[in-house]
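Visitor: Before anything else, here's the structure in question.
The values are calculated or read from the model by the stated rules, or taken from the named source; none is laboratory data. These numbers come from a predicted model, not from an experiment. Quick reminder, even Gly has a Cβ in these numbers, built from the backbone with ideal geometry, and neighbours come from all protein chains shown. The accessibility values were calculated without ligands, DNA or RNA, using every heavy atom of the protein model including side chains. Shrake-Rupley method; radii C 1.70, N 1.55, O 1.52, S 1.80 Å.
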Amino acid sequence: PDGLDPERIAAVRAGAPAAELIVDANEGWTGAALARNLAACAEARVTLVEQPLPVSDDALLASIERPIPVCADESAHDRAGLPELFGRYDAINIKLDKTGGLTEALALAEDARDAGLAVMVGCMLASSLAMAPAVLVAQRAAVVDLDGPLLLARDREHGLVFEGSVLSPPSPLLWG
C-alpha cells in the first residue's frame, strides 16, 4: 500500500545519501497519497518521479502543486497525445516501443522540449539491437534509462557496452 511509500523513500535516501534518486511509481500511487508521497520525495531530494498515478487519473496532476518534477511514462506515447500532458507533467519518458520507432521518437523529443518538458529516454526489456536507436534520442535527454539489455539472460553478440553508468555508442558489429 502506498501508505508506506514515504518511509521507503526515506530509507532509500538514508542508504544512498549521495545518489541521484528517481522514483518510478509505475501508476502505483493514489490521488489520496499523491501530495504526501511527492512531499516525501522532495524531502529526500528525489530528482524526478515517473508516472505516479494511473493514466486514468492524470488530470489530478494539474490540480496540485508539484514540489519536484513529475514525468509521464505510461501516459506518453507519441506526438498526438503530447497536448494532454501539458500542465500535468514536467517531463516525458520517450520509449521507442511506444512511439513506433526512431523517427517519431526524435520528433516527440523535439516537440516536448519546445513545449518546455524535460526529456527522459527509457526502454522496455529488449536486446542491444532494439536499444541502439534509442541511443540517438538519448543524446539530448536529461535522464537516460536504457538498461534493457542488462536485464536479459543473454544479449546478442557485440551488444551495447555499459561501464558503470556510462553507455557507449553501439559498435557497427551490432548490426550484423
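Visitor: (1) under 16 Å from the mean Cα position of the chain (by Cα); (2) of a type in the set (Val, Ile, Thr); (3) over 21 Å from Thr47 (Cβ atoms): which one isn't true of Val161, the others all being true?
Guide: Condition (1) is where Val161 drops out.
Visitor: If I go through region 123-176 residue by residue, how many of them are without any contact (Cβ under 8 Å) to a residue 12 or more places away in the chain, at negative phi and not acidic (Asp, Glu)?
Guide: Summing the residues that are without any contact (Cβ under 8 Å) to a residue 12 or more places away in the chain, at negative phi and not acidic (Asp, Glu) in region 123-176 gives 8.
Visitor: Same structure, new question: Of all residues in region 122-137 being in a helix (DSSP H, G or I) and under 14 Å from the mean Cα position of the chain (by Cα), which is surrounded by the fewest Cβ atoms within 10 Å (Cβ to Cβ)?
Guide: Once the filter is applied, the top-ranked residue is Val137.
Visitor: Let me ask another. Among the listed residues Val55, Val12, Val119, which satisfies the condition of being modelled with pLDDT of 95 or more and open to solvent by less than 60 Å² (accessible area, probe 1.4 Å)? Full working, then the answer.
Guide: Values: Val55 fails: open to solvent by less than 60 Å² (accessible area, probe 1.4 Å); Val12 fails: open to solvent by less than 60 Å² (accessible area, probe 1.4 Å).
From the options Val55, Val12, Val119, the qualifying one is Val119.
Visitor: Could you say whether any residue in region 138-156 is in contact with a helix residue (DSSP H, G or I) (Cβ under 6 Å, 6 or more places away or on another chain), outside any loop (DSSP other than H, G, I, E, B), open to solvent by 20 Å² or more (accessible area, probe 1.4 Å) and hydrophobic (A, V, I, L, M, F, W, C)?
Guide: Yes, region 138-156 contains a residue that is in contact with a helix residue (DSSP H, G or I) (Cβ under 6 Å, 6 or more places away or on another chain), outside any loop (DSSP other than H, G, I, E, B), open to solvent by 20 Å² or more (accessible area, probe 1.4 Å) and hydrophobic (A, V, I, L, M, F, W, C).
Visitor: I'd like the full set of residues that are assigned to a helix (DSSP H, G or I) and surrounded by 15 or more Cβ atoms within 10 Å (Cβ to Cβ), limited to region 82-93.
Guide: Of the residues in region 82-93, the ones assigned to a helix (DSSP H, G or I) are 82-85.
Matches in region 82-93: Leu82, Glu84, Leu85.
Visitor: Right, next: If you take the residues in region 3-46 that are of a type in the set (D, E, K, R) and touching a residue at least 40 places away in the same chain (Cβ under 8 Å), which one is farthest from Ala76 (Cα to Cα)? Step through it out loud before you land on a result.
Guide: To start, the set of residues in region 3-46 that are of a type in the set (D, E, K, R) comprises 5, 7-8, 13, 20, 24, 27, 36, 43, 45.
When the remaining residues are screened for being touching a residue at least 40 places away in the same chain (Cβ under 8 Å), the result is 24, 27.
Numbers: Asp24: 14, Glu27: 13 Å.
The selected residue is Asp24.
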